[in-house]
Each structure stands twice: as C-alpha cells, then as structure tokens.
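Participant: One structure follows; several queries about it will come next.
FYI, it's all coordinate maths here, none of it is from the lab. None of these values were measured; they are calculated from a predicted model. Positions of Cβ are backbone-derived with ideal geometry, glycine not excepted, and every protein chain shown enters the neighbour counts.
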C-alpha cells in the first residue's frame, strides 16, 4: 500500500478484509482521472499486483467501475429546492 499511496493521481486507496468470506481481500482505489488510472495499469507496480492475484487459491476478480460525474451536497440542495418549489 505504501508504494501505491505515493502514485501520482491516486486520490484514495483502501484495503479491506471481508468478514463473510475468509481469505478474501478487497482493494479499492479512486483515481483523479482516467489517464492517471491508465498510467498505473500500464506500470510495473500493477504487474506486481497481478502476480500476487495469480497466487490466490480461487480465481481473483478484477473490476473497474467508472463514474462520469461526481456530485455532492450541491445536488442535494438542487433537488430539495426543486422539491420545495414544486411540491
């Protein structure tokens, strides 16, 4: 995790161990841009992650989920104001 956390463009990385499935771990990452993610996936560090995944007893799952737009409280305010205006 130490090497990963210093990677340019990485906003967040968390490693979880599941409670319901013994031995299962989940690595979640959030990248600033798609280009930052592509740079990481094309790196030797990512190849090392794939090699570790290959050592698992069960076939590993690798999944990429992308979000095209991020919104926060401004969306809540806009929706609630619209609701208040148009009950």
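Participant: If I go through the range 53-71 residue by residue, how many of them are in a helix (DSSP H, G or I) and surrounded by 10 or more Cβ atoms within 10 Å (Cβ to Cβ)?
Facilitator: Residues meeting the conditions: 1.
Participant: Another question about this same structure. Yes or no: the range 40-52 includes at least one residue that is closer than 16 Å to residue 7 by Cβ and part of a loop (DSSP other than H, G, I, E, B).
Facilitator: Checking the range 40-52: at least one residue is closer than 16 Å to residue 7 by Cβ and part of a loop (DSSP other than H, G, I, E, B).
Participant: If I ask for residues that are surrounded by 10 or more Cβ atoms within 10 Å (Cβ to Cβ) and either farther than 17 Å from residue 61 by Cα or touching a residue at least 40 places away in the same chain (Cβ under 8 Å) (or both), which ones from the range 14-34 would you list?
Facilitator: 30, 31, 32, 33, 34
Participant: Being more than 25 Å from residue 68 (Cα to Cα) and loosely packed, with under 11 Cβ neighbours inside 10 Å is the filter here; which residues of the range 35-46 pass it?
Facilitator: 44
Participant: Among the residues of the range 27-45, what is the count of those that are within 17 Å of residue 13 (Cβ to Cβ) and over 14 Å from the mean Cα position of the chain (by Cα)?
Facilitator: 3
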